[in-house]
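Novice: This structure is in structure tokens; I'll ask about it shortly.
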Amino acid sequence: MEIKGFVFPDDLLYDEEKYIWIKDEGEDIISVGITDIGQYMAGKIFQVEVKQKGEEVNPKTTIFTLESAKWVGKFRLPINGEILDINDTVVKNPDLLNENPYSSWIVKLKVTEFQKRFKRLEEVKEFFEKEADRIKR
């Protein structure tokens with residue numbers, strides 16, 4: 001779905017507070033990336049740092065950090081689990097997050113417990129519409 005010039009795939013889940021998308025890979029595994037509007041607001045992303053594979057994570061753990069010329073974002077998720085995989089291609093080429101944010105997952109996690117439910121697009125559509133109006137692409 002397109003919302004005021006920004007793309008939001010219908011088959012993903014979203015955490016609108018952090019401007020990230022979540023893909024349910026099955027068997028309690030999720031992929032995580034930044035949304036189109038999130039990458040736009042960040043500007044040109046030039047660095048991605050991710051915890052190591054195998055590390056345990058909880059809601060207080062910074063799982064990954066994105067850095068642009070105007071912003072540094074530390075991303076925590078309301079989950080308990082373990083880092084299964086890191087997209088080394090994105091770590092080495094952070095601009096992929098700006099070019100195609102939905103093909104460029106950052107990290108895959110094995111979730112043992114969700115502290116909060118991620119939302120479907122129809123539940124966050126109004127929020128993203130307001131944000132798109134606010135930033136006036």
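The values are calculated or read from the model by the stated rules, or taken from the named source; none is laboratory data. Predicted, not measured: the structure shown is a model, and the values here were computed from it. Note: ideal-geometry Cβ built from the backbone for every residue, glycine included; neighbour counts use all protein chains shown.
Novice: Looking only at residues that are acidic (Asp, Glu) and surrounded by 14 or more Cβ atoms within 10 Å (Cβ to Cβ) in segment 15-48, which one is farthest from ILE83 (Cα to Cα)? Can you show your working first?
Specialist: So in segment 15-48, the residues acidic (Asp, Glu) come out as 15-17, 24-25, 27-28, 36.
Adding the requirement that they be surrounded by 14 or more Cβ atoms within 10 Å (Cβ to Cβ) leaves 15-16, 24-25, 28, 36.
Numbers: ASP15: 18, GLU16: 22, ASP24: 15, GLU25: 14, ASP28: 12, ASP36: 23 Å.
Filtering first and then ranking leaves ASP36.
Novice: Based on what the data block shows, is PHE128 at pLDDT below 95, surrounded by 14 or more Cβ atoms within 10 Å (Cβ to Cβ) and closer than 29 Å to GLU2 by Cβ?
Specialist: no
Novice: Would you pick out the residues in segment 90-110 that are of a type in the set (Val, Ile, Thr) and surrounded by fewer than 18 Cβ atoms within 10 Å (Cβ to Cβ)?
Specialist: Just the residues of segment 90-110 that are of a type in the set (Val, Ile, Thr), to begin with: 90-91, 106-107.
The answer is VAL91, and nothing else.
Novice: Considering each of ILE79, ILE83 in turn, give the residue that is under 16 Å from the mean Cα position of the chain (by Cα), more than 15 Å from GLU17 (Cβ to Cβ) and at pLDDT 95 or above. Full working, then the answer.
Specialist: Details: ILE79 fails: more than 15 Å from GLU17 (Cβ to Cβ).
Only one candidate passes the filter, namely ILE83.
Novice: Among the residues of segment 111-118, is there at least one that is of a type in the set (A, V, I, L, M, F, W, C), part of a helix (DSSP H, G or I) and surrounded by fewer than 18 Cβ atoms within 10 Å (Cβ to Cβ)? Give the derivation first.
Specialist: Let us first name the residues in segment 111-118 that are of a type in the set (A, V, I, L, M, F, W, C), namely 111, 114, 118.
Now narrow it down to the ones that are part of a helix (DSSP H, G or I): none.
No, there is no match, as no residue in segment 111-118 is of a type in the set (A, V, I, L, M, F, W, C), part of a helix (DSSP H, G or I) and surrounded by fewer than 18 Cβ atoms within 10 Å (Cβ to Cβ).
Novice: Sticking with this structure for a sec: Scan segment 90-100 residue by residue and report those that are assigned to a helix (DSSP H, G or I) and in contact (Cβ under 8 Å) with a residue 24 or more places away in the chain.
Specialist: Listed by number, the residues that qualify are VAL90, VAL91, LEU97, ASN98.
Novice: Then there's this: Considering each residue of segment 57-89, count those that are part of a loop (DSSP other than H, G, I, E, B), surrounded by 18 or more Cβ atoms within 10 Å (Cβ to Cβ) and aliphatic (A, V, I, L, M), and give that number.
Specialist: Looking only at that region, the number is 2.
Novice: Additional query: In segment 1-14, which residue that is surrounded by 13 or more Cβ atoms within 10 Å (Cβ to Cβ) and hydrophobic (A, V, I, L, M, F, W, C) is farthest from the chain's Cα centre (by Cα)?
Specialist: Filtering segment 1-14 for residues that are surrounded by 13 or more Cβ atoms within 10 Å (Cβ to Cβ) and hydrophobic (A, V, I, L, M, F, W, C), the one farthest from the chain's Cα centre (by Cα) comes out as ILE3.
Novice: Return yes when LYS130 is assigned to a strand (DSSP E or B) and either free of Cβ contacts under 8 Å to residues at least 60 places away in the same chain or in contact with a Leu (Cβ under 8 Å, 6 or more places away or on another chain) (or both) and no when it is not.
Specialist: no
Novice: Take GLY54 and decide whether it is in a loop (DSSP other than H, G, I, E, B) and either within 15 Å of the chain's Cα centre (by Cα) or touching a residue at least 12 places away in the same chain (Cβ under 8 Å) (or both).
Specialist: Yes; evaluated as a whole, the condition is true for this residue.
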